[in-house]
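The values are calculated or read from the model by the stated rules, or taken from the named source; none is laboratory data. Treat the numbers as computed from the prediction; the structure is a model and nothing was measured. We place every Cβ from the backbone using ideal geometry, glycine too, and count neighbours over all the protein chains shown. Only protein heavy atoms, including side chains, enter the accessible area calculation; ligands, DNA and RNA are left aside. Shrake-Rupley method; radii C 1.70, N 1.55, O 1.52, S 1.80 Å.
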Amino acid sequence: MPTTSRPLPTAAIAAAEASRNRLDLAKSARRTFRALVGFDAAAREGLDPALVELIQIRASHLNHCAYCLHMHTNDARQAGESEDRLHLVPVWREARHFYTEKEQAALALTEAVTLVADAGVPDDVYAEAAARFDDEELAQVLALICTINTWNRIALATAKVAGTDERR
């Protein structure tokens, strides 16, 4: 049975955005916001763009951040990411053959760092990531995980509305 894509409910998105009554961090804390944008840009340097999006998508799933999840799945699609891989990110362990060993290590580390209060970052997860990335790449991956977790928390705290990508 063929599927058709539904247009985004732009009126509903606009209504949700209009009803949002929380502060805009970019306007209310400009220096802080610019520093975070700079940290995010620096964290991405040298990393494969597909890996960047997978990390951001997984953390956004775990943090239940619809705003960031919508943004990063769209970015991944625009960069040529397959629908199969995007749909399987939440269950990547059951679909390992869709992801490289390096991507698997990054996804496991993303989960551990994002959910750090649950069990810390287990030694085996860290060791696997360290085996797949050199020190500089691993530092970039850790920084990226930190930035997306920060962005998720800002989006959730300020009630950002999925579908209103403010970067554009």
At 7 Å along the Cα-to-beta-carbon direction for both residue 165 and residue 146, put a label point, then send me their distance in nm to one decimal.
2.7
With a 1.4 Å probe and every protein chain left in place, work out the accessible area per residue of the range 60-137 in Å², rounded to a whole number.
54
Once normalised by the length of the range 25-125, the mean sequence separation of its alpha carbon contacts under 8 Å that are 6 or more apart gives a contact order in percent of 24
Using only Cα atoms, what Kirkwood radius does the chain have, in angstroms?
17.0
Any chance you could get the radius of gyration and Dmax over the Cα atoms of the range 80-129, in Å?
11.6, 35
What helices does the chain hold that run 24 Å or longer along their axis, going by alpha-carbon atoms, with a Kyte-Doolittle average of 0.0 or more, using DSSP H for the helix calls?
135-157
Dividing the alpha-carbon radius of gyration of the range 65-107 by 2.2 N^0.38 Å (N being the number of residues), what value is obtained?
1.16
Run the simple label-point estimate for residue 127 and residue 31 please: 7 Å along Cα→C-beta, distance reported in nm.
4.5
